[in-house]
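See structure below.
The values are calculated or read from the model by the stated rules, or taken from the named source; none is laboratory data. Predicted model only: the values in this text are computed from it and were never measured. Every residue, glycine among them, receives a Cβ derived from its backbone with ideal geometry; neighbour counts consider all protein chains shown.
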């Protein structure tokens, strides 16, 4: 039987949660997207609606995964009530003096993967390229979107602006290349070399192929844009070094299919986001949290 | 339909199940799932993925939308049995790139299995009943617990800690107290303490099982009762220090008891105490003990408690002894195969793991294999004898006693 506060806990959790989702959806749908190169507006609209649905799926999937954690021993009350209390504690922690220490732990163990480095340099580098590439791409995406659509920062918008050349063109290609290199090593290791410790089941294959297809698709799309002379892909193209390399082997006529390819790439990227909570990729979220909580608990035990 | 109750899985454990990256780093060094037999379900990754699959099918988003899925009883029983093939050695914790505290996870997984009526295994039941009824896992009467001390009681100056105030309480542990082949471990420990002039005593026949076996097999409630009885006796004896010669008792009293009740005394392992006394000059190893010795790090002492250097300092202080290391030592040390209830339920598997460790020792060039845990001692000694190895198994206190 649900406990006394069950409905109250639920409304306290779900009302702000879905409120936040609505705000995110509104932001996604209402941004001007003046610098998006797709020519057919219907494609853009379709992509945006897909993105909203996928982001919502990501958040709901993540919420339900976290609610499973909250069924466990060590806390009291309904799972929703527990989550609210834990969230409160986490926020207090973020604003406490221990944040710097926690960030150090996060960078050392969750991002830099200190322990893996000592055991296998190849796997460490492979994982660092994928994870580092993904993390920087996410940050770059936020910075670029904010600069373009909120600040309307001229050097980010104009064809020869420093920010356009170094962040939008070179920056994205660099982090994309990092991911592509890491994913290539992972794919060769998993599908060709097959070392004893690797066990490939559908979720493993799906995650790696999905990521690979999205990253590679981005470069193919850029190559099509440059080869086909699509606006935004005509000047200083060598800054997008990998896209430019792809354009050299792409026929000019590929530009005719640019919009369709753009949509495919966009929808796949959105689906990848939705897929995260239901796949092994969820460890991107769970592992840093587990590392931080473990570290926090051990410091509490030591009385620090 | 079997509805799984996940309320006995720790919040942290549930988080850690999702944090597993499926990388497989744990599978090669796992003594039970990777080295002695290649069974994925026994490996840490195998157990995590299977259990996660089971509970997600009943608690995940899909289960909320479309209803929970039935988990076949046979699959659950298979997982339960495989989960008990783990020695909880903690090698996986050492290698996990995601820093998962797997030791806590496996113990908690067993608690969950017991709660869901999938465990304990039939092989463990007699031990559990024995602890609950006789206060020891060997079905021996309580009145025989202090028998080991009869011949040396006066010489070593062993006091009854419940009748006289003592500074140090020696917690003997069931295996050293009852097993005639291990009894010398308790005798030598008492001799060493006596020679050093330590004011010490034991709980005699009132000492109860520490509860380690119960905790490692997932019977947390039963272990709690056992622990509380001992804590009550500790309070009555009120020593400053509790010393154990058993690595399992040490882990249990030091790490698990504080979660159950208050232990005021400082809890140390005999190797810590003796090492300190060698440094302070209270113990002076003088007589030579000739030979090449290698030390096997018990999991409960090493990986579980990070106690690696004290035993080595003791061995290095004994004249004539040359300490050589096995290739896998300290954090990377192989398990002896006896822990986690494996020796009781899967003796063949335990022996296969133990044989790997004896081979490690043979390769080191040592002629003496020593350790500081009665279970490791028992397991490795049996394998040395079965293999006809040239190695001589000795408890570390036997070496100290021979040198002082």
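If you check B:227, B:237, B:247 for being buried (at least 19 other Cβ atoms within 10 Å of the Cβ) and over 23 Å from residue B:374 (Cα atoms), only one passes: B:237. Out of the residues in segment A:184-197 meeting the condition of being assigned to a helix (DSSP H, G or I) and within 12 Å of another protein chain (Cβ to nearest Cβ), tell me which one is surrounded by the most Cβ atoms within 10 Å (Cβ to Cβ). Of everything passing the filter in segment A:184-197, A:186 is surrounded by the most Cβ atoms within 10 Å (Cβ to Cβ). Looking across segment B:84-105 at every residue that is within 14 Å of the chain's Cα centre (by Cα) and in a helix (DSSP H, G or I), the one that is farthest from residue A:288 (Cα to Cα) is identified as B:91.
Only a single criterion out of (1) without any contact (Cβ under 8 Å) to a residue 60 or more places away in the chain; (2) on the phi > 0 side of the Ramachandran plot is not satisfied by residue A:245, namely (2).
If you check A:213, A:274, A:286 for being at pLDDT 95 or above, away from every other protein chain (no Cβ under 14 Å), part of a helix (DSSP H, G or I) and buried (at least 16 other Cβ atoms within 10 Å of the Cβ), only one passes: A:213. Every listed requirement among (1) on the phi < 0 side of the Ramachandran plot; (2) free of Cβ contacts under 8 Å to residues at least 60 places away in the same chain; (3) assigned to a loop (DSSP other than H, G, I, E, B) is met by residue B:322 save one, (3). Screening segment A:57-76 for residues that are more than 9 Å from chain B (Cβ to nearest Cβ) and surrounded by 15 or more Cβ atoms within 10 Å (Cβ to Cβ) and picking the one that is farthest from residue B:104 (Cα to Cα) gives A:57. Only one of the numbered conditions (1) within 18 Å of residue B:5 (Cβ to Cβ); (2) free of Cβ contacts under 8 Å to residues at least 60 places away in the same chain is not met by residue B:76, and that is (2). Only one of the numbered conditions (1) part of a helix (DSSP H, G or I); (2) within 19 Å of residue B:227 (Cα to Cα) is not met by residue B:109, and that is (2). Of the set (1) over 30 Å from residue A:233 (Cα atoms); (2) within 12 Å of another protein chain (Cβ to nearest Cβ); (3) touching a residue at least 60 places away in the same chain (Cβ under 8 Å), all apply to residue A:200 but (3). Checking each residue in segment B:148-166 for being over 23 Å from residue B:265 (Cβ atoms), part of a helix (DSSP H, G or I) and without any contact (Cβ under 8 Å) to a residue 12 or more places away in the chain picks out only B:154. Please enumerate the residues belonging to segment B:21-53 that are touching a residue at least 60 places away in the same chain (Cβ under 8 Å), more than 7 Å from chain A (Cβ to nearest Cβ) and outside any helix (DSSP H, G or I). Of everything in segment B:21-53, those that are touching a residue at least 60 places away in the same chain (Cβ under 8 Å), more than 7 Å from chain A (Cβ to nearest Cβ) and outside any helix (DSSP H, G or I) turn out to be B:23, B:30, B:36, B:37.
Could we say that residue B:5 is more than 13 Å from every other protein chain (Cβ to nearest Cβ) and surrounded by fewer than 16 Cβ atoms within 10 Å (Cβ to Cβ) here?
Spelling it out, it is not the case that residue B:5 is more than 13 Å from every other protein chain (Cβ to nearest Cβ) and surrounded by fewer than 16 Cβ atoms within 10 Å (Cβ to Cβ).
Quick one: would you say residue A:232 is touching a helix residue (DSSP H, G or I) at 6+ places or on another chain (Cβ under 9 Å), more than 14 Å from chain B (Cβ to nearest Cβ) and on the phi > 0 side of the Ramachandran plot? The answer is yes for residue A:232. Restricted to segment B:167-244, the set of helices (runs of 4 or more DSSP H) holding at least 3 residues that are over 17 Å from the mean Cα position of the chain (by Cα) and in contact (Cβ under 8 Å) with a residue 24 or more places away in the chain comprises B:183-195, B:220-237. Within segment A:154-162, at least one residue is more than 23 Å from the chain's Cα centre (by Cα), in contact (Cβ under 8 Å) with a residue 24 or more places away in the chain and not in a helix (DSSP H, G or I). Restricting attention to segment B:63-80 and to residues that are within 12 Å of another protein chain (Cβ to nearest Cβ) and loosely packed, with under 15 Cβ neighbours inside 10 Å, the residue that is modelled with the highest pLDDT turns out to be B:65.
Would you confirm whether any residue within segment A:34-56 is within 14 Å of chain B (Cβ to nearest Cβ) and at negative phi? Scanning segment A:34-56, I find at least one residue that is within 14 Å of chain B (Cβ to nearest Cβ) and at negative phi, so the answer is yes.
If I filter segment A:241-264 for residues that are within 30 Å of residue B:52 (Cβ to Cβ), surrounded by fewer than 19 Cβ atoms within 10 Å (Cβ to Cβ) and under 21 Å from the mean Cα position of the chain (by Cα), do I get at least one hit? There is no residue in segment A:241-264 that is within 30 Å of residue B:52 (Cβ to Cβ), surrounded by fewer than 19 Cβ atoms within 10 Å (Cβ to Cβ) and under 21 Å from the mean Cα position of the chain (by Cα).
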